[in-house]
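What follows is a single structure, written as structure tokens, with notes after it.
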């Protein structure tokens, strides 16, 4: 774990060496003050040599100026080092999350993932900055001060040092215990963030059902769980701080009591006595820092454990080492004996085989939960098939890179997701380097141009989080415009016109039909009136593919499709 942690220092060796060297030098220079005071009291005061006293004072001033500059370097460059490491870790974690398939997010809460990207990494950053530095400075200051104390009086130094083993035992015990408590805190914080995210995102539903009191109760439970774990942490910290405070004061008391004893006996001079007291204060200063270390280190350690735990979860879907780019695509798709099931569930698809010719428009219909959307989601490898094979133009989709595969497929989801920016930004997401002309053309094809003209800032109108300022139909059209701009050879339309009124739907349908010409199009639909034009209709039910053919052919079969059609148009 330590080796893995310190690997993040590698790109910043120079920065670390500057910070670390300055911190060590500052700690060493701090030891000069008691020595100078010792010499002033024992040598310079009796000689009444004012010039030498002034020289000694100016020397100390020079050391303090140097230490001031060193302190600036330690604080600024040290925190810069920590922030750089935090940034690298966050980039690595974000890339890791981006590489996870849909199945990963099916079982995750957004708030928990946000906590790992923010709070956890902030605490790790603090340890990355202070950790090696504090530990080494503590050791060097304790060692240096103790050696200087031994040069003054061996018995007095030992009497002062006798408390250190008790402090060390406390440090190990409390650090371990507080790391455990911090792990619980992070778990509760993740649940807390997830609850807040869900409650705030769903505030319209909460108010629509007048369930504010219920949500307040749920929030209070999360709030109290987080509060309890934090109180437990601070209880442990309070015990630790009090214990160390008492032992540190005993060190000062021992230095004063035994120092006075040996001074009265004439074994040490007054200068030695004062110098020893000052050294004792320097000696306990890093020990006092231990309390801060006990508070922050367990947080960082717990955060790093969670960070590595997340990184060690390999994506369930990955590119093969020899995966190639999928480039020119005609659009021949073959599902061969495909089976799929979610974790701990029965098979959603069982031994399904289906061939779709390039340029064909195939509509999937059937009851909810039969596997229509799943069948289409397997094509871009949003989920990985458990058995069988899917090919595009004869190439297994697992033999090509996921990025190149998904570039060739345009998807309009039933649940439209829009980013909290402008209309322009959301349309151009389909082609990030799109020109103004291309964006306007895509908007026109999606029948969005009139909507844009009526917006206060046109294409630059900000639509709010998840497009809250747009109607359902406008959201759907914007999503379709994004797909027009991408202009891929394979299209997947998952209820792409479900939120549109009848008149707009007919207009969009015409545009979709023209776009589908020469392209392979997969349509998932519940409204059967929208897919009569399809080259082929595939009826999917719990047993797999029940029927397939044109609208007229399926109606003539008098089977599952006819029953679905008549149920929809019974009135």
Notebook entry, point to check: Which distance in nm do the two modelled labels at residue 58 and residue 358 give, with both placed 7 Å along the Cα-to-Cβ direction?
Noted result: 9.0
Check: How far apart, in nm, are the 7 Å Cα→Cβ label points at residue 441 and residue 312?
Finding: 5.2
Notebook entry, point to check: If you line up the long axis of helix 502-516 against the longest principal axis of the chain, both from Cα atoms, how many degrees apart are they, to the nearest 10?
Noted result: 90
Next item on the list: Please check which bits of region 11-32 a label hung off residue 143 would reach, taking the label as a point 7 Å along Cα-to-C-beta and the cut-off as backbone N under 20 Å.
Entry: 17-32
Note to self: Between region 25-98 and region 381-422, what is the separation of their alpha carbon centroids in Å?
What the structure shows: 58
Check: What ranking, highest mean first, results for peptides 314-322, 252-260 when packing means the other Cβ atoms within 10 Å averaged over each residue?
Finding: 252-260, 314-322
Item checked: Where the Cα pairs of region 77-173 fall when distances are cut into 10 Å bins, in % -> 13, 27, 21, 18, 12, 7, 2
Notebook entry, point to check: Which angle between 0 and 90 degrees, to the nearest 10, do you get for helix 472-486 versus the longest principal axis of the chain when only C-alpha atoms count?
Noted result: 90
Next item on the list: Go ahead and run the numbers for FRET between residue 449 and residue 216, Cβ-Cβ distance against an R0 of 25 Å, rounding to 0.05.
Entry: 0.05
Margin query: Order 299-309, 121-131 from most to least packed using the mean count of other Cβ atoms within 10 Å.
Written below: 121-131, 299-309
Margin query: Run the simple label-point estimate for residue 569 and residue 176 please: 7 Å along Cα→C-beta, distance reported in nm.
Written below: 7.5
Next item on the list: Mind giving me the FRET efficiency for residue 386 and residue 136? R0 is 30 Å, r the Cβ-Cβ distance, nearest 0.05 is fine.
Entry: 0.05
Notebook entry, point to check: For region 333-568, how big is Rg over Rh, using alpha carbon atoms and the Kirkwood form of Rh?
Noted result: 0.98
Note to self: Quick check on region 2-311: what are the equivalent-ellipsoid semi-axes from the Cα gyration tensor, as sqrt(5λ), descending, whole Å?
What the structure shows: 50, 23, 16
Next item on the list: Run through the DSSP bridge list for the chain and note the antiparallel percent, rounded to the nearest 5.
Entry: 50
Next item on the list: May I ask what percent, to the nearest 5, of DSSP beta bridges between residues of region 333-568 are antiparallel?
Entry: 55
Item checked: Relative packing of peptides 487-494, 451-458, 88-95 - highest average C-beta neighbours within 10 Å first -> 487-494, 88-95, 451-458
Next item on the list: For region 147-178 and region 312-353, write down the distance between their C-alpha centroids in whole Å.
Entry: 62
Next item on the list: Express the relative contact order of the chain as a whole percentage, based on alpha carbon pairs under 8 Å and six or more residues apart in sequence.
Entry: 14
Next item on the list: Whole Å is fine, so just give me how far the alpha carbon centre of region 467-484 lies from that of region 523-571.
Entry: 28
Item checked: Estimated FRET transfer efficiency when R0 is 51 angstrom, pair residue 557-residue 88 (beta carbons, to 0.05) -> 0.25
Check: By how many degrees, between 0 and 90 and to the nearest 10, does the Cα long axis of helix 50-98 differ from the longest principal axis of the chain?
Finding: 20
Notebook entry, point to check: Can you give the extra length, in nm with one decimal, that the chain gains between residue 513 and residue 6 once fully stretched, where that is 0.36 nm per residue apart less the Cα-Cα distance?
Noted result: 176.8 nm
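As a check on your grasp of the helix formula, calculate [θ] at 222 nm for the chain: sum -39500 (n - 2.57) over DSSP H runs of n ≥ 4, divide by the residue count, round to the nearest 500.
About -20500 deg cm²/dmol.
All of the numbers you see were taken from the coordinates with simple rules; none came from a lab. Just so you know, these numbers come straight off a predicted model, no measurement behind them. Cβ sites come from the backbone with ideal geometry, for glycine too, and all protein chains shown count toward neighbours.
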